[in-house]
Structures are given as structure tokens and as C-alpha cells.
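Below you'll find the structure, written out as C-alpha cells, and then a few comments.
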Amino acid sequence: MNKGELIKAVEKPCLKTDIPYFEVGDTVDVHCRIIEGDNERIQVFSGVVIARSGSGTREMFTVRRIVQGEGVERKFPLHSPRIAKIEVKRAAIVRRAKLYFLRDRVGKAVRLRERRPDQMQKRLNREKAYWAKRGAQPQES
């Protein structure tokens, strides 16, 4: 067993299986668990995924939204127990792996083109490959 296989074997029990398929450019709602003293509540952070990085338990994604005219970005660990769930609200057409150029844009220039139903076949093929690589079944929404 080489080093990479050993790391995968150790990480496997920590990986979440209920994560929906989403790409850079998609609009998502991230339900975060917030602990204040003794009570726990869920806070929703919704915005556009502008980046994904890492693999395994170290996989992260960055979500950006505009709050009162100010851009707010948060990085989330994909397999964190602090994330209750992720909901994909809208799929968009993007031609970049990182959407950092959105930081410089204001107003309507920030919008991304929505993926139409006739364009969904490529996305479905990528989603099948994603689940085949992980050896898991997609979660039904």
C-alpha cells in the first residue's frame, strides 16, 4: 500500500456521502451549524460558488454573495460536520475554473448565464463521472 492509498483509506470514514453535485458558477444555499453557548441553530449562506479546491477531506469551496452593496466571501470545507446541507438553487454556464473576476464587477455585470435544459446533457455526463469516481450514488433531491 503506497502513501496515497493509505491516506485515502484513513480519510474514507470522514467523507460525507450526502453532498449534491455542484460546479463553479452554481448558486447554492449552504446550511451552517452555528453554536452559541448551549444552543445550536442553522444559518443559511447563499451565493455563487466562485472556486473549488483540494481533494478528499481537504476539499474546499468558496461562496460569494453581495450584502448591502458589499461583497462577502466564505470558504467552506466540503466534508465539515459544521455544514448541515448544501442545496443547489441554480446552474450557470461558466468557462473558467475560478471566478475571481466577479470580485471586480458591480450590479448586473455580476450575473452569470443560466444553464438551459438543452444544455444539461454535458452537466449530467460530468455528474455521472463525478459519482463513478467516488464510487457512490447521487443523492436524490
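Just so you know, all these numbers are worked out from the coordinates, no wet-lab data involved. No experiment lies behind these values; they were computed from the predicted model shown. FYI the Cβ positions are ideal-geometry reconstructions off the backbone, even for glycines, and counts take in every protein chain you see.
Would you work out if segment 1-44 is rounded, prolate or oblate? Take a ≥ b ≥ c from the square roots of the eigenvalues of the alpha-carbon gyration tensor; rounded if a/c is under 1.5, else prolate when a/b is larger than b/c, oblate otherwise. Walk me through the numbers before you get to the answer.
Numbers: a/c = 3.92, a/b = 1.54, b/c = 2.54.
The shape class here is oblate.
For n ≥ 4 DSSP H runs only, could you compute -39500 (n - 2.57) per run for the chain, divide by its residues and tell me the 222 nm figure to the nearest 500?
Working: 2 runs with 24 residues, N = 141.
For the chain, the value works out to -5500 deg cm²/dmol.
In nm², what is the average projected area of the convex hull enclosing the Cα atoms of the chain? Walk me through the numbers on the way to the answer.
Details: hull surface 43.6 nm².
That works out to 10.9 nm².
Using only the Cα atoms of segment 17-84, build the gyration tensor, take square roots of its eigenvalues as a ≥ b ≥ c, and label the shape rounded, prolate or oblate: rounded if a/c is under 1.5, else prolate if a/b is larger than b/c, else oblate. Write out the running numbers ahead of the final one.
On the way: a/c = 1.94, a/b = 1.09, b/c = 1.79.
Cα axes put segment 17-84 in the oblate bin.
With r defined as the distance between the Cβ atoms of Val10 and Ser46 and R0 fixed at 25 Å, what FRET efficiency is calculated, to the nearest 0.05?
Details: r = 33 Å, r/R0 = 1.33.
Once rounded, the FRET efficiency stands at 0.15.
Using a Förster radius of 41 Å, what is the FRET efficiency between Glu70 and Lys3 based on their Cβ-Cβ separation? Nearest 0.05, please. Intermediate results must be reported in sequence, preceding the final value.
Values: r = 44 Å, r/R0 = 1.06.
Efficiency, from the Cβ-Cβ distance: 0.40.
Relative contact order of segment 16-133: what whole-number percent is it, with Cα pairs under 8 angstrom and at least 6 residues apart? Provide the component values of the computation, followed by the final result.
Values: 186 pairs, mean separation 31.8, N = 118.
That works out to 27 percent.
In segment 16-133, what is the count of Lys pairs whose alpha carbons are under 16 Å apart, counting only pairs at least 8 residues apart or on separate chains? It would help to have the intermediate numbers written out before the result.
Values: Lys16/Lys85; Lys16/Lys133; Lys75/Lys85; Lys75/Lys98.
Count of close lysine pairs: 4.
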